[in-house]
Amino acid sequence: VQLVESGGGLVQPGGSQRLSCAASVFIFSSYAMGWFRQAPGKEREVVAAIAWAGRNTYYADSVKGRFTISRDNAKNTVYLQMNSLKFEDTAVYYCAARAAAYYLRDYNGYDYWGQGTQVTVSS
């Protein structure tokens, strides 16, 4: 399984950005997916997660109401729409896949990881 993130970059505070993660896997719908982030000097933390069919989702309190995770199983892709971005959202964002129907909040529960994409919120 390979995961390739895209969509990172520099954005101003209050702006929006959408991350995409394309998975090379035979049955994408067999995997729960998650987005994690890691800022310099901090531990990797869960941002959002989504179950296999997309009906069950989880958001960290810090992004609730601003970020939206979604998936398109026909395209083997998971998305993270980020709105109202703040300075503290600056981090490397990672896409992760878990070989199970439902997600976990712990990054140790994921089997495959993308290479990460930098998101920098700066004026």
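MET82 exposes around 0 Å² of accessible area when a 1.4 Å probe is run over every protein chain in place. Restricting the GluC sites (Glu not before Pro) of segment 23-111 to loop positions (DSSP other than H, G, I, E, B) with no more than 10 neighbouring Cβ atoms within 10 Å leaves GLU43. Suppose every Lys and Arg Cβ carries +1 and every Asp and Glu Cβ carries -1, with no other charges. What dipole size does the chain come out with about its Cα centre, to the nearest 20 debye? Taking the Cα centre of the chain as origin, the dipole is about 220 debye. Taking trypsin sites (Lys or Arg not before Pro) across segment 5-73, the ones in a DSSP loop with at most 12 further Cβ atoms lying within 10 angstrom of their Cβ are LYS42, ARG55, LYS64. Looking at segment 1-68, the chymotrypsin sites (Phe, Trp or Tyr not before Pro) that sit in a DSSP loop and have at most 13 other Cβ atoms within 10 Å of their own Cβ are PHE26.
In the chain, a dipole from Cβ-located charges (positive for Lys and Arg, negative for Asp and Glu) runs towards its positive end, and of SER122, SER70, ALA32 it is SER70 whose Cα lies farthest in that direction. Accessible surface area normalised per residue over the chain is 51 Å², counting heavy atoms of protein chains with a 1.4 Å rolling probe.
The share of accessible area on the chain that comes from carbon and sulfur is 47 percent, using a 1.4 angstrom probe. For segment 32-123, the fraction of C-alpha pairs farther apart than 18 angstrom is 39 percent.
The values are calculated or read from the model by the stated rules, or taken from the named source; none is laboratory data. Since we're looking at a predicted model, the values are computed, not measured. Neighbour counts run over all protein chains shown; Cβ positions are idealised from the backbone, glycine included. Heavy atoms of the whole protein, side chains included, go into the accessibility calculation; ligands, DNA and RNA do not. Shrake-Rupley method; radii C 1.70, N 1.55, O 1.52, S 1.80 Å.
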